[in-house]
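Single-structure report; data block below.
What follows is calculated from the coordinates using simple rules that are stated; it is not laboratory data. Just so it is clear, the model here is predicted, and its values are computed rather than measured.
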């Protein structure tokens, strides 16, 4: 009887792990974001805010613009050659929904909204590769 319980517990744990795995680790590939050129990108928000420059090693960095580097759980809504939509939750820090539409591998349109540290944010921007990353 003990072996059966152990097998059932292992099967249940494996099932839960599969359901809890973030979208980046499995499931849809987000290949469109992986095709974006790495380097220095300029993010120009339509709100008129000053342009922001970021160094992108991967286009996936554009998903969490207001939650950079945080370990967040993600759910891929759309994963197509021209558009990616991802919803994510950063426990205790907020959440977001980001839509990225590719025009070229050097130019994308980004829309993102959500909550960060209890405050709402909305981003509507164009991101364009402007050169190589420099510095340390």
Problem - Contour minus Cα-Cα distance for residue 57 and residue 104 (0.36 nm per residue) - result: 15.2 nm
Exercise for the section: Work out how much length residue 47 to residue 122 would gain on full extension: take 0.36 nm times their residue separation and subtract the Cα-Cα distance, in nm to one decimal. Expected result: 26.1 nm
Problem - Gain upon complete extension [residue 132, residue 95; 0.36 nm per residue less C-alpha separation] - result: 10.3 nm
Fill in the blank from the handout: Row for the stretch 47-122, column shape: gyration tensor on C-alpha, a ≥ b ≥ c, rounded if a/c < 1.5 i.e. under 1.5, prolate if a/b over b/c, else oblate; value oblate
